[in-house]
Amino acid sequence: MSKDKVELFDQDGRSRGFYSGRNRLNELTGKEWVYWSKSVINRPYPPSLQHRLRSRHGGQKPPELCADLIRLFTKGGGRVLDPFAGVGGTLLGAALCGRQALGIELNPEWVRIYRRVCALEGLAEQRLECGDSRDKLRELAAEGLRFDLLLTDVPYWQMDKARRSTGAFKRVGEAQRPRRASKLQAFNDREPRSKEEWLEGLQAVFAAAISLLEPRAYLAVFIGDMYHGGRLHFLSADLAAALQDLGLVLKANLIWYDVSKSLHVYGYQYEFIPSMIHQSILVLRK
Ligand SMILES: C[S@@+](CC[C@H](N)C(=O)[O-])C[C@H]1O[C@@H](n2cnc3c(N)ncnc32)[C@H](O)[C@@H]1O
(Lines give C-alpha, C1' and ligand atoms only; values in the text may rest on other atoms or scores of the structure.)
Protein backbone atom coordinates (compact mmCIF):
# COMPACT_ATOMS: atom_id res chain seq x y z
CA MET A 1 0.00 0.00 0.00
CA SER A 2 1.32 3.45 -0.84
CA LYS A 3 2.53 5.51 2.12
CA ASP A 4 0.12 8.35 1.45
CA LYS A 5 -2.94 6.10 1.98
CA VAL A 6 -4.42 5.49 5.40
CA GLU A 7 -7.34 3.25 6.34
CA LEU A 8 -10.11 5.06 8.26
CA PHE A 9 -12.73 3.51 10.55
CA ASP A 10 -16.18 4.66 11.66
CA GLN A 11 -17.30 4.96 15.30
CA ASP A 12 -18.28 1.27 15.34
CA GLY A 13 -14.85 0.18 14.13
CA ARG A 14 -15.96 -0.64 10.56
CA SER A 15 -13.57 0.24 7.76
CA ARG A 16 -14.56 3.35 5.77
CA GLY A 17 -11.92 2.61 3.12
CA PHE A 18 -8.66 4.41 2.41
CA TYR A 19 -7.99 8.14 2.59
CA SER A 20 -5.34 9.50 0.26
CA GLY A 21 -3.03 12.28 1.46
CA ARG A 22 -3.26 13.66 -2.08
CA ASN A 23 -6.98 14.45 -1.62
CA ARG A 24 -7.21 18.24 -2.04
CA LEU A 25 -10.96 18.57 -1.64
CA ASN A 26 -12.27 16.65 1.36
CA GLU A 27 -11.57 14.00 3.98
CA LEU A 28 -13.53 11.18 2.33
CA THR A 29 -12.03 7.80 1.59
CA GLY A 30 -11.90 6.57 -2.01
CA LYS A 31 -14.97 4.40 -1.39
CA GLU A 32 -16.91 7.34 0.06
CA TRP A 33 -15.83 9.67 -2.78
CA VAL A 34 -17.17 7.16 -5.35
CA TYR A 35 -20.47 6.90 -3.43
CA TRP A 36 -20.90 10.70 -3.35
CA SER A 37 -20.05 11.10 -7.03
CA LYS A 38 -23.49 9.65 -7.86
CA SER A 39 -25.76 12.19 -9.55
CA VAL A 40 -28.80 11.05 -7.51
CA ILE A 41 -29.00 11.23 -3.71
CA ASN A 42 -31.56 8.71 -2.51
CA ARG A 43 -30.44 8.26 1.08
CA PRO A 44 -33.27 8.61 3.60
CA TYR A 45 -32.92 11.50 6.04
CA PRO A 46 -35.37 10.71 8.87
CA PRO A 47 -36.73 13.66 10.92
CA SER A 48 -34.17 14.83 13.49
CA LEU A 49 -32.95 17.83 15.48
CA GLN A 50 -36.37 19.25 16.50
CA HIS A 51 -37.82 18.54 13.07
CA ARG A 52 -41.35 19.59 14.15
CA LEU A 53 -40.15 22.93 15.41
CA ARG A 54 -38.10 23.54 12.26
CA SER A 55 -41.09 22.47 10.13
CA ARG A 56 -42.82 25.75 10.98
CA HIS A 57 -40.59 27.13 8.23
CA GLY A 58 -41.85 24.80 5.50
CA GLY A 59 -38.67 24.81 3.41
CA GLN A 60 -36.21 23.44 5.96
CA LYS A 61 -33.58 20.99 4.76
CA PRO A 62 -32.33 17.91 6.63
CA PRO A 63 -29.22 18.89 8.61
CA GLU A 64 -27.70 15.43 7.92
CA LEU A 65 -28.00 15.99 4.15
CA CYS A 66 -26.34 19.38 4.59
CA ALA A 67 -23.60 17.69 6.64
CA ASP A 68 -23.06 15.12 3.86
CA LEU A 69 -22.68 17.91 1.29
CA ILE A 70 -20.35 19.88 3.55
CA ARG A 71 -18.17 16.76 4.07
CA LEU A 72 -18.04 16.32 0.29
CA PHE A 73 -16.87 19.87 -0.46
CA THR A 74 -14.67 20.81 2.52
CA LYS A 75 -12.00 19.48 4.81
CA GLY A 76 -12.28 19.48 8.62
CA GLY A 77 -12.53 23.00 10.04
CA GLY A 78 -13.78 24.37 6.69
CA ARG A 79 -15.89 27.56 6.70
CA VAL A 80 -19.35 27.49 5.14
CA LEU A 81 -21.53 30.44 4.14
CA ASP A 82 -25.34 30.33 3.81
CA PRO A 83 -26.90 33.67 2.74
CA PHE A 84 -30.47 32.23 2.95
CA ALA A 85 -30.20 30.34 6.22
CA GLY A 86 -33.88 29.79 7.20
CA VAL A 87 -34.07 27.74 10.40
CA GLY A 88 -30.49 26.65 9.96
CA GLY A 89 -30.23 23.38 7.96
CA THR A 90 -26.73 24.37 6.79
CA LEU A 91 -25.65 25.67 10.20
CA LEU A 92 -26.82 22.54 12.01
CA GLY A 93 -25.21 20.38 9.32
CA ALA A 94 -21.90 22.20 9.81
CA ALA A 95 -22.08 21.58 13.57
CA LEU A 96 -22.68 17.85 12.92
CA CYS A 97 -19.48 17.53 10.89
CA GLY A 98 -17.11 19.84 12.75
CA ARG A 99 -17.14 22.78 10.35
CA GLN A 100 -17.86 26.46 11.04
CA ALA A 101 -20.78 28.10 9.33
CA LEU A 102 -22.14 31.60 9.07
CA GLY A 103 -25.73 32.19 8.03
CA ILE A 104 -27.85 35.21 7.14
CA GLU A 105 -31.63 35.15 7.50
CA LEU A 106 -34.12 37.94 6.86
CA ASN A 107 -36.93 36.68 9.07
CA PRO A 108 -36.33 37.00 12.85
CA GLU A 109 -38.79 34.17 13.54
CA TRP A 110 -36.56 31.66 11.74
CA VAL A 111 -33.51 32.98 13.60
CA ARG A 112 -35.31 32.46 16.93
CA ILE A 113 -36.26 28.91 15.96
CA TYR A 114 -32.65 28.08 14.99
CA ARG A 115 -31.43 29.35 18.37
CA ARG A 116 -34.14 27.38 20.19
CA VAL A 117 -33.15 24.17 18.31
CA CYS A 118 -29.52 24.66 19.35
CA ALA A 119 -30.56 25.16 22.99
CA LEU A 120 -32.85 22.10 23.00
CA GLU A 121 -30.21 19.92 21.31
CA GLY A 122 -27.29 21.25 23.38
CA LEU A 123 -25.50 22.31 20.18
CA ALA A 124 -23.16 25.30 20.06
CA GLU A 125 -24.73 28.08 17.99
CA GLN A 126 -23.04 29.08 14.77
CA ARG A 127 -23.06 32.74 13.81
CA LEU A 128 -26.45 33.66 12.35
CA GLU A 129 -27.00 37.26 11.31
CA CYS A 130 -30.55 38.56 11.05
CA GLY A 131 -30.99 40.89 8.10
CA ASP A 132 -30.92 41.22 4.35
CA SER A 133 -28.03 39.33 2.74
CA ARG A 134 -27.41 42.19 0.33
CA ASP A 135 -26.44 44.42 3.31
CA LYS A 136 -24.95 41.78 5.59
CA LEU A 137 -22.58 40.40 2.93
CA ARG A 138 -21.08 43.88 2.50
CA GLU A 139 -20.48 44.06 6.25
CA LEU A 140 -18.87 40.60 6.26
CA ALA A 141 -16.59 41.63 3.39
CA ALA A 142 -15.47 44.61 5.48
CA GLU A 143 -14.62 42.15 8.30
CA GLY A 144 -12.33 40.34 5.84
CA LEU A 145 -14.13 37.00 6.21
CA ARG A 146 -13.47 34.18 3.73
CA PHE A 147 -15.33 30.88 3.14
CA ASP A 148 -14.50 27.50 1.61
CA LEU A 149 -18.04 26.57 0.55
CA LEU A 150 -21.35 28.28 -0.10
CA LEU A 151 -24.24 25.94 0.71
CA THR A 152 -27.68 27.42 0.42
CA ASP A 153 -31.31 26.91 -0.46
CA VAL A 154 -32.70 29.87 -2.34
CA PRO A 155 -36.01 31.62 -1.50
CA TYR A 156 -38.71 30.45 -3.85
CA TRP A 157 -40.16 32.54 -6.60
CA GLN A 158 -43.53 33.63 -5.16
CA MET A 159 -45.59 32.64 -8.15
CA ASP A 160 -47.76 30.59 -5.82
CA LYS A 161 -48.57 33.30 -3.30
CA ALA A 162 -52.07 34.00 -4.52
CA ARG A 163 -53.29 30.93 -6.34
CA ARG A 164 -52.76 27.18 -6.34
CA SER A 165 -50.47 26.17 -9.14
CA THR A 166 -52.78 23.40 -10.27
CA GLY A 167 -55.76 25.53 -11.26
CA ALA A 168 -58.93 23.45 -11.47
CA PHE A 169 -57.22 20.23 -10.47
CA LYS A 170 -57.06 18.89 -6.95
CA ARG A 171 -55.43 16.01 -5.18
CA VAL A 172 -57.33 12.78 -5.60
CA GLY A 173 -60.07 12.53 -2.93
CA GLU A 174 -59.46 16.04 -1.65
CA ALA A 175 -61.63 19.17 -1.70
CA GLN A 176 -60.17 22.27 -3.32
CA ARG A 177 -58.48 24.43 -0.66
CA PRO A 178 -57.13 27.95 -0.86
CA ARG A 179 -53.37 27.83 -0.88
CA ARG A 180 -51.69 29.23 2.21
CA ALA A 181 -49.41 32.17 1.66
CA SER A 182 -45.85 31.09 1.00
CA LYS A 183 -43.74 31.00 4.14
CA LEU A 184 -40.64 31.39 2.05
CA GLN A 185 -40.76 35.10 1.43
CA ALA A 186 -38.48 36.03 -1.41
CA PHE A 187 -36.54 39.19 -0.62
CA ASN A 188 -39.44 41.14 0.90
CA ASP A 189 -43.18 41.12 1.33
CA ARG A 190 -44.06 42.78 -1.96
CA GLU A 191 -46.51 41.14 -4.32
CA PRO A 192 -45.14 38.29 -6.43
CA ARG A 193 -42.46 39.40 -8.82
CA SER A 194 -41.65 38.20 -12.27
CA LYS A 195 -39.22 35.34 -12.65
CA GLU A 196 -36.68 37.82 -14.04
CA GLU A 197 -36.87 40.00 -10.92
CA TRP A 198 -36.54 36.91 -8.73
CA LEU A 199 -33.42 35.84 -10.66
CA GLU A 200 -31.95 39.35 -10.52
CA GLY A 201 -32.43 39.44 -6.74
CA LEU A 202 -30.64 36.11 -6.40
CA GLN A 203 -27.85 37.26 -8.70
CA ALA A 204 -27.26 40.32 -6.49
CA VAL A 205 -26.85 38.13 -3.40
CA PHE A 206 -24.64 35.57 -5.13
CA ALA A 207 -22.44 38.27 -6.68
CA ALA A 208 -21.76 39.65 -3.18
CA ALA A 209 -21.27 36.16 -1.71
CA ILE A 210 -18.84 34.98 -4.41
CA SER A 211 -16.37 37.69 -3.44
CA LEU A 212 -16.19 36.12 0.05
CA LEU A 213 -15.32 32.66 -1.29
CA GLU A 214 -11.79 31.32 -1.58
CA PRO A 215 -10.53 30.90 -5.16
CA ARG A 216 -11.98 27.73 -6.80
CA ALA A 217 -14.39 27.19 -3.89
CA TYR A 218 -17.55 25.20 -4.57
CA LEU A 219 -21.16 26.32 -4.27
CA ALA A 220 -24.03 23.86 -3.70
CA VAL A 221 -27.47 25.38 -4.21
CA PHE A 222 -30.83 23.72 -3.53
CA ILE A 223 -33.56 24.66 -6.01
CA GLY A 224 -36.86 22.99 -6.82
CA ASP A 225 -38.60 23.14 -10.19
CA MET A 226 -42.28 24.18 -10.05
CA TYR A 227 -45.50 23.48 -11.85
CA HIS A 228 -47.66 26.56 -12.32
CA GLY A 229 -50.25 27.81 -14.78
CA GLY A 230 -50.38 24.50 -16.63
CA ARG A 231 -46.65 24.25 -17.30
CA LEU A 232 -43.39 23.22 -15.74
CA HIS A 233 -41.05 26.05 -14.74
CA PHE A 234 -37.53 24.70 -15.08
CA LEU A 235 -36.22 26.95 -12.28
CA SER A 236 -33.10 24.86 -11.74
CA ALA A 237 -32.06 25.53 -15.35
CA ASP A 238 -32.99 29.23 -15.06
CA LEU A 239 -30.96 29.62 -11.88
CA ALA A 240 -28.01 27.66 -13.32
CA ALA A 241 -27.93 30.06 -16.29
CA ALA A 242 -28.17 33.14 -14.01
CA LEU A 243 -25.29 31.90 -11.83
CA GLN A 244 -23.12 31.08 -14.84
CA ASP A 245 -23.70 34.66 -16.00
CA LEU A 246 -21.82 35.68 -12.83
CA GLY A 247 -18.78 33.73 -14.05
CA LEU A 248 -19.36 30.57 -12.01
CA VAL A 249 -18.68 27.22 -13.66
CA LEU A 250 -21.55 24.71 -13.55
CA LYS A 251 -20.23 21.32 -12.44
CA ALA A 252 -23.28 19.19 -11.67
CA ASN A 253 -27.00 18.99 -11.19
CA LEU A 254 -27.40 16.55 -8.30
CA ILE A 255 -30.91 15.23 -7.88
CA TRP A 256 -32.04 14.84 -4.28
CA TYR A 257 -34.80 12.24 -4.37
CA ASP A 258 -36.66 13.00 -1.15
CA VAL A 259 -37.94 9.57 -0.12
CA SER A 260 -40.08 11.16 2.65
CA LYS A 261 -42.29 13.06 0.14
CA SER A 262 -45.80 11.72 -0.32
CA LEU A 263 -47.28 11.55 -3.80
CA HIS A 264 -49.66 14.39 -4.67
CA VAL A 265 -51.73 13.15 -7.57
CA TYR A 266 -52.97 16.14 -9.57
CA GLY A 267 -54.74 16.00 -12.92
CA TYR A 268 -55.61 12.29 -12.70
CA GLN A 269 -57.54 11.17 -15.79
CA TYR A 270 -57.35 14.66 -17.31
CA GLU A 271 -53.77 15.67 -17.81
CA PHE A 272 -50.28 14.54 -16.85
CA ILE A 273 -48.97 16.67 -13.98
CA PRO A 274 -45.81 15.49 -12.22
CA SER A 275 -45.69 14.83 -8.49
CA MET A 276 -42.48 16.62 -7.55
CA ILE A 277 -40.52 14.37 -5.21
CA HIS A 278 -37.07 15.68 -6.03
CA GLN A 279 -35.05 18.86 -5.81
CA SER A 280 -31.92 19.88 -7.64
CA ILE A 281 -28.67 20.70 -5.94
CA LEU A 282 -26.70 22.77 -8.43
CA VAL A 283 -22.96 22.41 -7.95
CA LEU A 284 -20.88 25.32 -9.22
CA ARG A 285 -17.31 26.42 -8.80
CA LYS A 286 -15.78 29.86 -8.48
C1 LIG B 1 -35.65 28.10 1.21
S2 LIG B 1 -35.44 29.00 2.66
C3 LIG B 1 -33.99 28.30 3.42
C4 LIG B 1 -34.30 27.13 4.33
C5 LIG B 1 -33.07 26.55 5.00
N6 LIG B 1 -32.28 25.77 4.10
C7 LIG B 1 -33.42 25.70 6.22
O8 LIG B 1 -32.99 24.53 6.31
O9 LIG B 1 -34.16 26.21 7.06
C10 LIG B 1 -34.88 30.56 2.12
C11 LIG B 1 -34.78 31.60 3.20
O12 LIG B 1 -34.22 32.79 2.66
C13 LIG B 1 -34.74 33.88 3.42
N14 LIG B 1 -34.50 35.11 2.64
C15 LIG B 1 -35.18 35.56 1.57
N16 LIG B 1 -34.63 36.70 1.11
C17 LIG B 1 -33.56 36.98 1.90
C18 LIG B 1 -32.58 38.02 1.92
N19 LIG B 1 -32.58 39.00 1.01
N20 LIG B 1 -31.62 37.97 2.88
C21 LIG B 1 -31.60 36.97 3.80
N22 LIG B 1 -32.50 35.97 3.83
C23 LIG B 1 -33.47 35.96 2.89
C24 LIG B 1 -36.19 33.52 3.63
O25 LIG B 1 -36.73 34.18 4.75
C26 LIG B 1 -36.12 31.99 3.81
O27 LIG B 1 -36.13 31.63 5.17
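The values are calculated or read from the model by the stated rules, or taken from the named source; none is laboratory data. A quick note: this is a predicted structure, and the numbers were derived from the prediction, not measured. Every residue, glycine as well, gets a Cβ built from its backbone with ideal geometry; the counts of neighbours run over all protein chains shown.
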Inspect all residues belonging to segment 94-102 and state whether any of them is in the same structural domain as residue 157 (by TED's automatic domain parsing), under 19 Å from residue 55 (Cβ atoms) and crowded, with 24+ Cβ neighbours inside 10 Å. no
The number of residues in segment 235-263 that are farther than 24 Å from residue 60 by Cβ and part of a loop (DSSP other than H, G, I, E, B) is 4
Please count how many residues of segment 52-63 are outside any loop (DSSP other than H, G, I, E, B), under 16 Å from the mean Cα position of the chain (by Cα) and surrounded by fewer than 19 Cβ atoms within 10 Å (Cβ to Cβ). 0
Going by the conditions given, is residue 120 touching a Pro at 6+ places or on another chain (Cβ under 8 Å), in a helix (DSSP H, G or I) and either within 11 Å of the ligand (Cβ to nearest atom) or over 14 Å from residue 155 (Cα atoms) (or both)? no
Mind checking whether some residue in segment 2-17 is within 23 Å of residue 149 (Cβ to Cβ), in a loop (DSSP other than H, G, I, E, B) and modelled with pLDDT of 95 or more? no
Could you please let me know if residue 267 is part of a helix (DSSP H, G or I), surrounded by 13 or more Cβ atoms within 10 Å (Cβ to Cβ) and out of contact with any strand residue (DSSP E or B) (no Cβ under 6 Å at 6 or more places or on another chain)? no
Just need a number here: residues in segment 66-111 that are in a loop (DSSP other than H, G, I, E, B) and more than 11 Å from the ligand (Cβ to nearest atom). 8
Scan segment 38-57 and report the pairs whose first residue is under 18 Å from residue 108 (Cα atoms) and whose second residue is at pLDDT below 95, with Cβ atoms within less than 6 Å and a gap of 6+ or a chain change. 54/60
For the list (1) over 16 Å from the mean Cα position of the chain (by Cα); (2) of a type outside the set (Val, Ile, Thr); (3) closer than 26 Å to residue 105 by Cβ, I need the number of the one condition that residue 270 fails. (3)
Residue list for segment 236-255, restricted to those being touching a residue at least 60 places away in the same chain (Cβ under 8 Å) and in contact with a helix residue (DSSP H, G or I) (Cβ under 8 Å, 6 or more places away or on another chain): 239, 253
With the first residue restricted to segment 142-156 and required to be within 22 Å of residue 71 (Cβ to Cβ), and the second required to be more than 14 Å from the ligand (Cβ to nearest atom) and in a loop (DSSP other than H, G, I, E, B), Cβ contacts under 7 Å at 6 or more apart or on different chains are 145/212; 146/212; 147/212; 148/74; 148/78; 149/74; 149/78
Looking at residue 193, is it away from the ligand (no atom under 15 Å from the Cβ), modelled with pLDDT under 95 and not small (Gly, Ala, Ser)? no
